Amino acid sequence: MKLNILLVIINFYSIQLFSQILTTSDIRQIAIEVNNEIKGVNFGNGIKAKGCFSFGRKLIYQYNVPQSWEPSVNIKKEIISNMKIAGPAKTYFLQNIDVDYHYYKGNSLFKKISIKSLEFSNYNFQLGEYISINNHIKAKEVNMKLKVPDGWEVKEGDRPNVVKKLVYDGSTYLILIKENATFFSRNQIKKMLNEKDFASESVQEISSLLSNPVIVNQSIVTIDTYPAFQFKIKGNVERTGIKISVIMKCWIVFYEDKIIFLQSMGNDNLEFRALEQLYTLITNSVIFPDQYN
Amino acid sequence: MIKYFYTDGNAKFGPFTKEELKMQKITRDTKIWYYGIEKWTELSNIKELNDIFTSIPPNITNPYLNNNKDKSIDSLIHQKTPLIKVNTNSISKSNIKKWAIGILSVLTISIVVHKLIKYQSKIKLYNIIVADSYESDDNFEVYVDKFYRDLEFHGIFPKKPKKTIIKFSKLDQLDNTTHIHGVCFGSNDDDIIEIYLNPSTWKQFNKPMRHYLMYHELAHDILNLDDLPVNQMNEGKIMFPELSHYENKKMDDFIESSHALFIEQSLK
C-alpha cells in the first residue's frame, strides 16, 4: 500500500527534462504549478496531498496521512528507486534540486524525508579506495595517488603519457603526465602562474584538441600543496565526420619537473555539469606522498 | 786647423784641436770625424792621429762582465758609475739569481714529489673504490639526463661523454677519506663521468638529499667545480660538502639551489 502511495505521488509530478539549468524562480514556478495540480487530491487510503512549495533549490511536498499510517523502514530508498524508474530523479540530479517529503498527522509533522539531488544520481559520488601510480612505467617517477569513485573502472591509458583513466558509463577522467623543461619549485610556479602568458600557454595544449575552443572559467588552485591551474573549456571535436560539442574540466599540476594533467571530458550538457562535482572530488583526493617522507 | 769630433756611440763631442782631443776620455776604438772624411772612423785608422793612438793603452777584458766582454776597461772607466759598484751589483744579482734558482728548484721538486705522493694515494684509493664497486638497481642515468637537461635550460652546453660509470662502493669503510656519501673521479676529464656512491648513504637519503648528492657529484665531474668552504653562508648550496646537514631540505630547496648554481655558472 505504501509503495502504491509513492508511485501515485510520482505520477502526479513528472517534470520534463530541461536542457537549461533552472533558476530558483523557475523552480518556484514549477512548485506553484505542481501545488495547483495536487492540492487536495486524494490518493486513497486516507492520504491526501497538502501541497507543494519551493525553498531555494529545494522542492517540498506535503501530505496528510491517517493516524494509522506508518512509513516503511526503507521509505527513502524506495522513493529514490521509484524516482529513478519513473524519470524525475535524473532531472533532480542534473538540475541540482533537493527534495523533501513531509507527512502530517493532523497539524503535526509526523515524518520528514530529505533527499539531496546527488542521491538521485545513478553516479556514485562516494569515493572508494586510493590507487597509486608510483612506479608506473608512464608515471615518469611521479608518486601520486587518488581516490576512485565507487563503481568506476580503472583502465590503462592507450595514448602516450596517459598513465591511467577512470571510466564510468562514457564518462572519463584521465591522468596524463609530461616532462617539464626543467625543475620548478612551488614558489617559482606560483609566480609564473600569475603571468598571463604562462596561463594561456598552459591552456593552449588542451585547447588545441578542440575546434573553436572557449575558456569558460579559469583559476589558480592548490592540489595537495602544489600549485595548479584549473580551467573549464568547451569546443567541438570531430569523430568520424560527426561534430560533437564537448566540455572539459582540467587541472594542470606543476610537480617538480613534471606537468600532470587531470582531465575530464564529456558532452556539453547538464550531466557533465553535475559530474563536475565528482571530478572535483577526485582531484581533491590527490596526494603526493613523497613530500611527507 | 783641423777640428776633430768624437762620439761615445750616443752623443757627439767637439770640435777639438788635436791637442784638445788628446785630453779627452777617448780609447783606441773611439770613432773620430773631421771635415774631409766621409764617415766616423776609429782612432786607430786615422794616420795623422797615430801619436794619440799610441799614447793610449790597449783595451783589457773584465772577466766579471759577461755582458760587457767587448767593452774595454777604459770604456768602463768612462762610465758615470764607478766600476767597483758595477761589479758589486753584478755579483749581488748573480748570487740572488743563483739563490732564486735554487729555491725554485727545491720548491718545484717538493711540489712534484707532493703531487706524486698525492697522485699515488689517489690511484691507490681509486683502485680500492673501483675494486669494491658494484652496479645498483637504481637508475642513476636519470639524474645525469636531468643534469644535462637543466644545464641546457640555463644555456650551458658541456661535452657529454659517451662513457658514464655511476656505481655503489662502500666508501664509509675506507680510511683517509672524507667523501663518505659519494666521490667523483671524472673531473677534468671530458670523456668520462665516473662517480661512486655510498650505498648506505643512498638508502638513508630521502628524495631531496639524493638529488643534492647526485647534482653535487655531477657538478664536480662535469663542471669541474670544487667543494665550497664549510660555513653558514654556503649552507644550502649544491657544492656545500656536508650534505648530511640537508635532512630537512625539501625538493623546493634543491630546485632553487640548483637553479642558483646553474645561473652562476651561466654568467661565468
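The values are calculated or read from the model by the stated rules, or taken from the named source; none is laboratory data. Because the structure is a prediction, the values reported are computed rather than measured. Cβ: placed from backbone, ideal geometry, glycine included. Neighbour counts: every protein chain shown.
From the set of residues in the stretch B:188-210 that are in contact with a Gly (Cβ under 9 Å, 6 or more places away or on another chain) and under 17 Å from B:Val144 (Cβ atoms), which is surrounded by the most Cβ atoms within 10 Å (Cβ to Cβ)?
B:Leu197
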Selection status of B:Tyr126, at pLDDT 80 or above, within 14 Å of chain A (Cβ to nearest Cβ) and within 23 Å of B:Met239 (Cβ to Cβ): no
Given (1) touching a Leu at 6+ places or on another chain (Cβ under 6 Å); (2) modelled with pLDDT of 85 or more, index of the condition B:Leu83 fails: (2)
Those strands (runs of 3 or more DSSP E) lying entirely in the stretch A:128-210 with at least 2 residues farther than 19 Å from A:Asn284 by Cβ: A:153-156, A:162-168, A:171-179
A:Ser185 over 14 Å from the mean Cα position of the chain (by Cα) and among the small types (Gly, Ala, Ser): yes
Test: A:Tyr130 is closer than 20 Å to A:Lys39 by Cβ, modelled with pLDDT of 90 or more and not acidic (Asp, Glu): no
Residue selected from the stretch A:194-236 under the condition touching a helix residue (DSSP H, G or I) at 6+ places or on another chain (Cβ under 7 Å) and in contact (Cβ under 8 Å) with a residue 40 or more places away in the chain, by the criterion surrounded by the fewest Cβ atoms within 10 Å (Cβ to Cβ): A:Thr225
Test: residue in the stretch B:161-169 that is under 34 Å from the mean Cα position of the chain (by Cα) and within 14 Å of another protein chain (Cβ to nearest Cβ): no
The stretch A:255-293: number of residues that are within 14 Å of another protein chain (Cβ to nearest Cβ) and surrounded by fewer than 21 Cβ atoms within 10 Å (Cβ to Cβ): 8
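Just to be sure, is B:Leu116 touching a Gly at 6+ places or on another chain (Cβ under 9 Å), of a type outside the set (Asp, Glu) and either surrounded by 13 or more Cβ atoms within 10 Å (Cβ to Cβ) or more than 14 Å from every other protein chain (Cβ to nearest Cβ) (or both)?
The answer is no for B:Leu116.
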Enumeration of residues in the stretch B:219-244 that are closer than 17 Å to B:Phe147 by Cβ and either within 14 Å of chain A (Cβ to nearest Cβ) or more than 29 Å from the chain's Cα centre (by Cα) (or both): B:Lys237, B:Ile238, B:Leu243
Members of the stretch A:237-264 found to be modelled with pLDDT under 90 and touching a helix residue (DSSP H, G or I) at 6+ places or on another chain (Cβ under 9 Å), listed by number: A:Val246
Given (1) within 14 Å of chain B (Cβ to nearest Cβ); (2) over 30 Å from A:Glu256 (Cα atoms), number of the condition A:Gly106 does not satisfy: (1)
Qualifying strands (runs of 3 or more DSSP E) (wholly inside the stretch A:38-119; at least 2 residues being at pLDDT 90 or above): A:47-55, A:58-64, A:98-105, A:108-115
Any chance B:Asp190 is on the phi < 0 side of the Ramachandran plot and away from chain A (no Cβ under 14 Å): yes
Residues of the stretch B:126-137 that turn out to be closer than 16 Å to B:Phe168 by Cβ and out of contact with any Phe, Trp or Tyr (no Cβ under 7 Å at 6 or more places or on another chain), as a count: 6
Selection count, the stretch A:104-141, where residues are of a type in the set (A, V, I, L, M, F, W, C) and in contact with a helix residue (DSSP H, G or I) (Cβ under 9 Å, 6 or more places away or on another chain): 6
Residues located in the stretch A:54-90, provided they are more than 25 Å from the chain's Cα centre (by Cα), among the hydrophobic types (A, V, I, L, M, F, W, C) and exposed (fewer than 15 other Cβ atoms within 10 Å of the Cβ): A:Val73
Filter result for the condition that a residue is more than 14 Å from chain B (Cβ to nearest Cβ), surrounded by fewer than 16 Cβ atoms within 10 Å (Cβ to Cβ) and either touching an Asp or Glu at 6+ places or on another chain (Cβ under 7 Å) or at pLDDT 95 or above (or both), over A:Lys145, A:Lys155: A:Lys155
Number of the condition not met by B:Asn68 [criteria: (1) modelled with pLDDT of 55 or more; (2) surrounded by 14 or more Cβ atoms within 10 Å (Cβ to Cβ)]: (1)
Hits in the stretch B:245-268 - residues which are assigned to a loop (DSSP other than H, G, I, E, B) and within 14 Å of chain A (Cβ to nearest Cβ): B:Glu247, B:Asn248, B:Lys249, B:Lys250
